[in-house]
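Visitor: The structure follows.
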Amino acid sequence: MPDPTDNIIECDDVTVRFGEQTVLDRLTLNVRRGERLVILGGSGAGKSTLLNLLAAETRATSGQVRIDGQDICGMSETQLDDYRKSIGVLFQSGALFQSMTIGDNVALPLREHTDLDEETIQIIIKMKLELVGLREHAHKLPSQISGGMKKRAGLARALALDPKIIFYDEPSAGLDPVSVTEVDQLMIGLNETLGVTTVVITHEMVSAFRVAHRLVLMDQGQFVADGPPDEMKNSSDPLVYQFVNGLAEGPLADRRDRDAYTADLLGAY
């Protein structure tokens, strides 16, 4: 288990607003080095905005976001470019370039951001694809491999520059149960063998409980629960219990019904 005193990510009183809308509301979050953290929450809870914030694609309106001790909120664009090279992101779709082979997709960050010679790049391609079980598929185009393989290829590309943190955006989306298990095992394996800190956004509860050292639940731009899988699964908080157990009845459903009724009344005039 990661050292509880060694935080690689620290968010202090972070707020993100877009115009008049507050999307993240004074969040505080610590992620330990080498931890596997899963971020849960319904649609519109703020998960994607938080991921974009941590990946330096969105700026905080206020507060601090420290990664390995450095406040990325105060960085220049040049400094942010360097920071982005130190992290990996697996996008929901895999985000592979369709006209490039799998090997060339993995090579792209190396060719763009390093001065390595092509022979060395080819060796690294083989190493990264071997980590995700795709070395023999390096010559194929994305259209020639399955959805699960595309996710793994995207992960190999995310690993190309040896990141210290990998952010996963809905890694189970669109996959069959067997492929979900394979991707989960891969995330766990990479975390354990490489020591890379793992932050996952997912709606797949089986996957979340399998992968996580710790889970946090977001609701309306705030964290409402934080704990290990067993504690979250058996929470006495009705909202948390409803969400993690996928129940149709509870505070979340009641709120949706109430909000829909209010909107309907206001829209009647």
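Visitor: What translational D, rounded to a whole number of µm²/s, comes out for the chain from Stokes-Einstein when the hydrodynamic radius is the Kirkwood one over Cα pairs, at 37 °C and 0.692 mPa s?
Guide: 166 µm²/s
Visitor: Can I ask one more? Assuming R0 = 25 Å, what is the FRET efficiency of residue 22 and residue 188, from their Cβ-Cβ distance, to the nearest 0.05? Each step should come with its number before you reach the end.
Guide: On the way: r = 35 Å, r/R0 = 1.39.
For residue 22 and residue 188, the calculated efficiency is 0.10.
Visitor: Now for a separate question. Provide 11, 73 in ascending order of the number of other Cβ atoms located within 10 Å of each residue's Cβ, fewest first. If you can, show how the numbers build up before the last one.
Guide: On the way: 11 23, 73 19.
Arranged by neighbour count, lowest to highest, 11, 73 become 73, 11.
Visitor: Follow-up question, since we're still on this one. Under 25 Å between C-alpha atoms is the cut-off here; go through the chain and count lysine pairs that meet it, provided they're at least eight residues apart or on different chains.
Guide: 22
Visitor: Which order do the peptides 155-162, 50-57, 132-139 come out in when sorted by mean C-beta neighbours inside 10 angstrom, highest first?
Guide: On the way: 155-162: 22.6, 50-57: 20.2, 132-139: 16.8.
Packing order, densest peptide first, comes out as 155-162, 50-57, 132-139.
Visitor: Helix-derived [θ] at 222 nm for the chain: sum -39500 (n - 2.57) over DSSP H runs of at least 4, divide by residue count, nearest 500?
Guide: Theoretical 222 nm ellipticity from helices: -12000 deg cm²/dmol.
Visitor: Express the relative contact order of region 37-193 as a whole percentage, based on alpha carbon pairs under 8 Å and six or more residues apart in sequence.
Guide: Details: 179 pairs, mean separation 43.5, N = 157.
Rounded, it is 28 percent for region 37-193.
Visitor: Also: So, with +1 on the Cβ of K and R and -1 on the Cβ of D and E, and no other charges, what is the size of the charge dipole of the chain about its Cα centre, to the nearest 20 debye? Display every interim value, and only then the final one.
Guide: Details: 26 positive and 40 negative charges, 86 e Å.
I would put it at about 420 debye.
Visitor: At residue 12 and residue 210, where each label point lies 7 Å from the Cα along Cα→Cβ, what is the point-to-point distance in nanometres?
Guide: Those two pseudo-labels are separated by 3.9 nm.
Since every read-out is calculated from the coordinates, none of them should be taken as a lab result. Being a predicted model, the structure only gives us computed values, none of them experimental. Here the Cβ is made from the backbone with ideal geometry for all residues, glycine too, and neighbour counts use every protein chain on show.
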